[in-house]
Amino acid sequence: MSASILKSLANYRVSSVLNRDVKQFGKKFLLDGDDETCWNSDQGSPQWVLLEFSKQVVIEELHIQFQGGFAGKECHVQVASIESDEFTELTKIFPEDSNKLQVFTLTPAPPVSKLRIVFTSSTDFYGRITIYKLDVIGRTGSHD
């Protein structure tokens, strides 16, 4: 059964934080479930979010809620397995410049241990990305 697999998260990192202000815009706000908080990257492209899982997972959907005006325009969804730290591109997604929660259905890859979302461009002139909600839907283990 598919559900949020963030409880299998071992570690996560982001490319940058706006003005290095982790108390107000840090990575912890990506996954806290609070509509009032957000991760805000600093300026420049590309920006990225890296999720490392404690066990292998099969990823089926990606849920992202941006702040309008600070959305990723072209995003590369990359995965890596436990056996290899080498990332391969799973797909590209093209989010809308909107405040609404966006759901991207992904073709399930073989079980992976890492997911990286690379925002190669942004709707913001300075390349900043603002995310209020991020969730990954899938299941732990193999394809069966």
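Please treat every number below as a calculation from the coordinates, not as lab data. Since this is a predicted model, take the numbers as computed values, not measurements. Note that we place each Cβ from the backbone using ideal geometry, even for glycine, and neighbour counts take in every protein chain shown.
Assign unit charges at the C-beta atoms only (+1 for Lys and Arg, -1 for Asp and Glu), then state the dipole size of the chain relative to its Cα centre in Debye, rounded to the nearest 20. Dipole magnitude for the chain comes out near 260 debye. Per-residue ellipticity at 222 nm from helix content only, as computed over the chain with -39500 (n - 2.57) for each DSSP H run of at least four residues, stands at -500 deg cm²/dmol. For the pair Lys55 and Lys100, the difference between a 0.36 nm per residue extended length and the Cα-Cα distance amounts to 13.2 nm.
Listed by Cβ neighbour count within 10 Å, with the fewest neighbours leading, Ser8, Ser98 appear as Ser98, Ser8.
For region 3-140, the relative contact order is 37 percent, taking Cα pairs closer than 8 Å that sit 6 or more residues apart in sequence and dividing their mean separation by the residue count.
Which of the GluC sites (Glu not before Pro) across region 27-124 are loop residues per DSSP, with 13 or fewer other Cβ within 10 Å? Please list the in-between numbers first.
On the way: sites: Glu36, Glu52, Glu60, Glu61, Glu74, Glu83, Glu86, Glu89, Glu96; in loops: Glu36, Glu83, Glu86, Glu96.
Qualifying residues, ordered by number: Glu36, Glu83, Glu86, Glu96.
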